[in-house]
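Report on one structure; see the data block that follows.
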Ligand code: AMP
């Protein structure tokens, strides 16, 4: 009744700017692992200010719908692998303790295809714990023969994105200006501290949470 493979046009606004560089196949679920980040309300003001300045410098960025620190790339899981994959993550990660992350250093990223640019806050405190978790997540990915994370991850919270490789527009004086806005913002130190309390796996539209201890 249904063909197994359906080509469709990806709409990155439906998944926070993440670009699927593969076509959708029925029964195959785009899956990624991440630590959710829930910033305080005032964080939205800081973000609006940053995007205003970026706009005045010719760059129209779209705010992320949710914030997170990625612990994997987006991989494709067959539907019947989702539960076993999440179980494998649970076994490896449920004894990990909660920890603090600080992310206050602005950094620009592109996806691997360089078709999207992201303005992010790089994690400067909490990296070791994130690396330890990625090594566990990588082992689960390997069990399912899936691609592991970056060899040299730069953990970050993406704030906003735009289409194309706009790295050059966000370097130098513009970056320095944006960074000084982050540093000088009221309660900046508090706004850029996050507690990692759970690790989540999103497969299609389903989210599985693994609380940290
Ligand atoms: P995210 O918001 O976690 O999806 O990250 C935004 C983009 O940063 C993704 O498309 C990643 O592929 C990209 N990225 C580029 N270099 C790195 C790196 N060293 N570590 C983590 N993500 C990276």
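Cβ-Cβ distance below 7 Å, separation of 6 or more or different chains: which pairs start in the range 33-45 with a residue that is in a helix (DSSP H, G or I) and end on one that is more than 16 Å from the ligand (Cβ to nearest atom)?
Sorted first by the residue in the range 33-45, then by its partner, the pairs are 42/187; 42/191; 43/191.
Tally the residues that are crowded, with 16+ Cβ neighbours inside 10 Å, farther than 14 Å from residue 213 by Cβ and in contact with a strand residue (DSSP E or B) (Cβ under 7 Å, 6 or more places away or on another chain), restricting the search to the range 81-104.
Here the count works out to 8.
Show the residue pairs that are 6+ apart or on different chains and have beta-carbon atoms under 7 Å apart, the first residue being within the range 102-113 and without any contact (Cβ under 8 Å) to a residue 40 or more places away in the chain, the second being more than 9 Å from the ligand (Cβ to nearest atom) and part of a loop (DSSP other than H, G, I, E, B).
none
For the range 151-186, which positions are part of a loop (DSSP other than H, G, I, E, B), in contact (Cβ under 8 Å) with a residue 60 or more places away in the chain and closer than 16 Å to residue 116 by Cβ?
Hit for the range 151-186 is 166, nothing else.
For residue 209, are the conditions met, namely being under 13 Å from residue 107 (Cα atoms) and either touching a strand residue (DSSP E or B) at 6+ places or on another chain (Cβ under 8 Å) or assigned to a helix (DSSP H, G or I) (or both)?
On the way: under 13 Å from residue 107 (Cα atoms): no; either touching a strand residue (DSSP E or B) at 6+ places or on another chain (Cβ under 8 Å) or assigned to a helix (DSSP H, G or I) (or both): yes.
Considered against the rule, which asks whether it is under 13 Å from residue 107 (Cα atoms) and either touching a strand residue (DSSP E or B) at 6+ places or on another chain (Cβ under 8 Å) or assigned to a helix (DSSP H, G or I) (or both), residue 209 comes out as no.
To keep it simple, each residue is scored yes or no on (1) within 14 Å of the ligand (Cβ to nearest atom); (2) closer than 26 Å to residue 150 by Cβ; (3) within 16 Å of the chain's Cα centre (by Cα); (4) modelled with pLDDT under 55.
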| site | (1), (2), (3), (4) |
| --- | --- |
| 6 | no, no, no, yes |
| 16 | yes, yes, yes, yes |
| 40 | no, no, no, no |
| 45 | no, no, no, no |
| 48 | no, no, no, no |
| 52 | no, no, no, no |
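Could you list, in sequence order, all residues of the range 46-58 that are assigned to a loop (DSSP other than H, G, I, E, B) and within 15 Å of residue 179 (Cβ to Cβ)?
Step one: list which residues in the range 46-58 are assigned to a loop (DSSP other than H, G, I, E, B), which gives 57-58.
Answer for the range 46-58, where residues must be assigned to a loop (DSSP other than H, G, I, E, B) and within 15 Å of residue 179 (Cβ to Cβ): just 57.
Inside the range 150-173, can you point out the residues that are buried (at least 19 other Cβ atoms within 10 Å of the Cβ) and either away from the ligand (no atom under 16 Å from the Cβ) or under 18 Å from the mean Cα position of the chain (by Cα) (or both)?
Let us first name the residues in the range 150-173 that are buried (at least 19 other Cβ atoms within 10 Å of the Cβ), namely 155-161, 166, 170.
155, 156, 157, 158, 159, 160, 161 - these are the residues of the range 150-173 that are buried (at least 19 other Cβ atoms within 10 Å of the Cβ) and either away from the ligand (no atom under 16 Å from the Cβ) or under 18 Å from the mean Cα position of the chain (by Cα) (or both).
Among the residues of the range 171-211, count how many are under 15 Å from residue 53 (Cα atoms) and touching a helix residue (DSSP H, G or I) at 6+ places or on another chain (Cβ under 7 Å).
Result for the range 171-211: 5.
What is the number of the single condition among (1) modelled with pLDDT under 95; (2) within 16 Å of the chain's Cα centre (by Cα) that residue 57 does not meet?
For residue 57, the failing item is (2).
Restricting to the range 56-76, and then to whatever is under 21 Å from residue 111 (Cα atoms) and more than 14 Å from the ligand (Cβ to nearest atom), can you tell me which residue is surrounded by the fewest Cβ atoms within 10 Å (Cβ to Cβ)?
Filtering the range 56-76 for residues under 21 Å from residue 111 (Cα atoms) gives 58-76.
After this cut, where a residue has to be more than 14 Å from the ligand (Cβ to nearest atom) as well, the list is 58-60, 76.
Numbers: 58: 9, 59: 17, 60: 11, 76: 16.
Of everything passing the filter in the range 56-76, 58 is surrounded by the fewest Cβ atoms within 10 Å (Cβ to Cβ).
Just one of the numbered conditions (1) over 19 Å from residue 204 (Cβ atoms); (2) surrounded by fewer than 18 Cβ atoms within 10 Å (Cβ to Cβ); (3) modelled with pLDDT of 95 or more is not true of residue 36; which one?
That leaves (1) as the condition not met.
Answer yes if at least one residue in the range 108-123 is within 26 Å of residue 197 (Cβ to Cβ), at pLDDT 95 or above and more than 14 Å from the ligand (Cβ to nearest atom), and no otherwise.
Within the range 108-123, none of the residues are within 26 Å of residue 197 (Cβ to Cβ), at pLDDT 95 or above and more than 14 Å from the ligand (Cβ to nearest atom).
The values are calculated or read from the model by the stated rules, or taken from the named source; none is laboratory data. Predicted model only: the values in this text are computed from it and were never measured. A quick note on method: Cβ atoms are made from the backbone with ideal geometry, for glycine too, and the neighbour counts reach across all protein chains shown.
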